[in-house]
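Each remark here refers to the structure printed beneath this line.
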Amino acid sequence: MDFHPGEVKIFIRRQIKELLYQGYYDGLLEDLAKLAGSDIFPNHTFAIYIGKNGTFSIPLTIDAGVQNFQNFGKVIEVDGKSAMTEWDDVYCNLVNGSDGSLFPPFVTKNRVIRIFSEDACRSIFMTFQKEIDYYGVKTYRFHLPPEIWASGDSYPDNMCFCEQKNKCNRSGLMDIAPCTKGAPIFASLPHFLYGDQDLRDKSGLLMPSVEQDETYLDIEPVTGLLVAAMKRFQVNVDLFPNKKVKGFRKVPEMVFPVLWGEEFFVSSKERADMLDVKLLKPLKFISTIRWFCFIFGSIFIFLASVCLLIHWNRTQKVEKQAPVKITYINKTLDSK
């Protein structure tokens, strides 16, 4: 086999569509496939989202919430499996939460929103951040907290996602190698938000901004409907020197950011107005009528109880009064 690793270049020029979805042929992938005995990418064509443009995701079995409405939207199985197999731990392989688009009603601020992420082959969670108003519709914003991105060394719940128990990623990185056939790829938030400072120092990225770099969901709390969503991400590769490859002999050891992007959904004013007029306002009206009936009924019961008490007291007083005995004395005067 003709394999020349020394001729590999670090940087190449490609069109965006080739890099993201369409892909481009890479002879190195064909050589590596021969070494591995199987194709690494279809037709030795590389793209970050190869095969995902205009295609359906893997089959998910979703709970309809018939038995328990709180389970509405919950993922039960992923491609026919009730648990993942990518991780070496039962906890990390659990399938928790929804797919990120369906949620049960009556969402509270102290609720933890759990989501199964197909891209990361794992379940994640989101916590309440603040209230947001969309054209008069009040929503709760839930975001990915720093704990999701914390190293297993500092956050034990993430320990099972470490490559080795004594070798965990730095904070700010999510290892998705199990989802990419072992490729050294890490996901993060843009500009390594919530990540270690040295990640930014070596990459030369700007300081992150929570408002501009975070991922969040805006949920209407009564219905559980998704009003807006923002998914921000950054794709990174683990870069390290390799003496056998000429172009990689002097590269620094670092996490190299390849790209960052965002996917978002925001309800239009028309949709927000429809939600408000046809659903929320009727629910508020029913709730108002319910409280009115409750208050009116309570007042009526109170007045009725007072009347009954007064009547009872009067009856008791009459019963306690002693009977009056009247004696008539007839005096007859005898006239002599």
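The values are calculated or read from the model by the stated rules, or taken from the named source; none is laboratory data. Keep in mind it's a predicted model, so treat the numbers as computed, not measured. Glycine gets a Cβ as well: all are built from the backbone with ideal geometry, and neighbour counts include every protein chain shown. Surface areas here come from the heavy atoms of the whole protein model, side chains and all, with no ligands, DNA or RNA. Shrake-Rupley method; radii C 1.70, N 1.55, O 1.52, S 1.80 Å.
Scan the stretch 43-66 for residues that are modelled with pLDDT of 85 or more, open to solvent by 60 Å² or more (accessible area, probe 1.4 Å) and hydrophobic (A, V, I, L, M, F, W, C) and the total you get is 3.
Among the residues of the stretch 93-118, write down those that are within 25 Å of MET174 (Cα to Cα), touching a helix residue (DSSP H, G or I) at 6+ places or on another chain (Cβ under 9 Å) and open to solvent by 60 Å² or more (accessible area, probe 1.4 Å). Of everything in the stretch 93-118, just one residue is within 25 Å of MET174 (Cα to Cα), touching a helix residue (DSSP H, G or I) at 6+ places or on another chain (Cβ under 9 Å) and open to solvent by 60 Å² or more (accessible area, probe 1.4 Å), namely GLU118.
Consider VAL255 carefully, then state whether it is within 26 Å of MET230 (Cβ to Cβ), at pLDDT 75 or above and outside any helix (DSSP H, G or I). So VAL255 fits the description; yes.
Hey, among the residues in the stretch 195-211 that are of a type in the set (Gly, Ala, Ser) and in contact with a strand residue (DSSP E or B) (Cβ under 9 Å, 6 or more places away or on another chain), which one's farthest from PHE142 (Cα to Cα)? Of everything passing the filter in the stretch 195-211, SER203 is farthest from PHE142 (Cα to Cα).
When restricted to residues that are more than 15 Å from LEU173 (Cβ to Cβ), aromatic (Phe, Trp, Tyr) and within 17 Å of the chain's Cα centre (by Cα), the stretch 210-260 contains 1.
Output yes when any residue across the stretch 79-92 is outside any loop (DSSP other than H, G, I, E, B) and buried (at least 16 other Cβ atoms within 10 Å of the Cβ), and no when none is.
So in the stretch 79-92, the residues outside any loop (DSSP other than H, G, I, E, B) come out as 81, 83.
From what is left, the residues that are buried (at least 16 other Cβ atoms within 10 Å of the Cβ) are none.
The answer is no; no qualifying residue exists.
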